[in-house]
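As structure tokens, the structure follows; a few thoughts come after it.
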Amino acid sequence: MKETINPWWDNETSVEDREKMTGLVQKDFDPQEDYRAFREACDRWWSTKTNEEKIEVWRLATRSNS
């Protein structure tokens with residue numbers, strides 16, 4: 001499952017997806033460097049999750065897309 005959820009996070013989540021999942025808001029971050037600080041904060045949030053938590057986030061997010 002890790003082979004599915006980590007690439008999904010890296011490549012298939014939009015700004016809107018990440019805002020919903022993390023509770024962070026891109027516009028609260030400095031737009032310099034194309035909001036890199038927002039992306040890094042989201043990635044830190046993701047990296048704190050256990051594999052089980054990541055799977056649950058993935059399931060909830062992809063279920064709503066179906």
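The values are calculated or read from the model by the stated rules, or taken from the named source; none is laboratory data. Quick caveat: nothing in here was measured; it's all calculated off a predicted structure. Glycine gets a Cβ as well: all are built from the backbone with ideal geometry, and neighbour counts include every protein chain shown. Note: accessible area is taken over every heavy atom of the protein model, side chains too, but ligands, DNA and RNA are not part of it. Shrake-Rupley method; radii C 1.70, N 1.55, O 1.52, S 1.80 Å.
Taking the stretch 54-63 as the range and being open to solvent by 50 Å² or more (accessible area, probe 1.4 Å) and aliphatic (A, V, I, L, M) as the test, only LEU60 passes. Contact annotation: residue pairs with Cβ atoms under 6 Å, 6 or more positions apart or on different chains, pairing a residue in the stretch 14-28 that is at negative phi and at pLDDT 95 or above with a partner that is open to solvent by less than 50 Å² (accessible area, probe 1.4 Å) and not β-branched (Val, Ile, Thr), are VAL15/GLN26; ARG18/CYS42; THR22/CYS42; LEU24/ALA41; GLN26/PHE38. Here ARG59 fulfils each of the conditions (1) touching a residue at least 12 places away in the same chain (Cβ under 8 Å); (2) in a helix (DSSP H, G or I) apart from (1).
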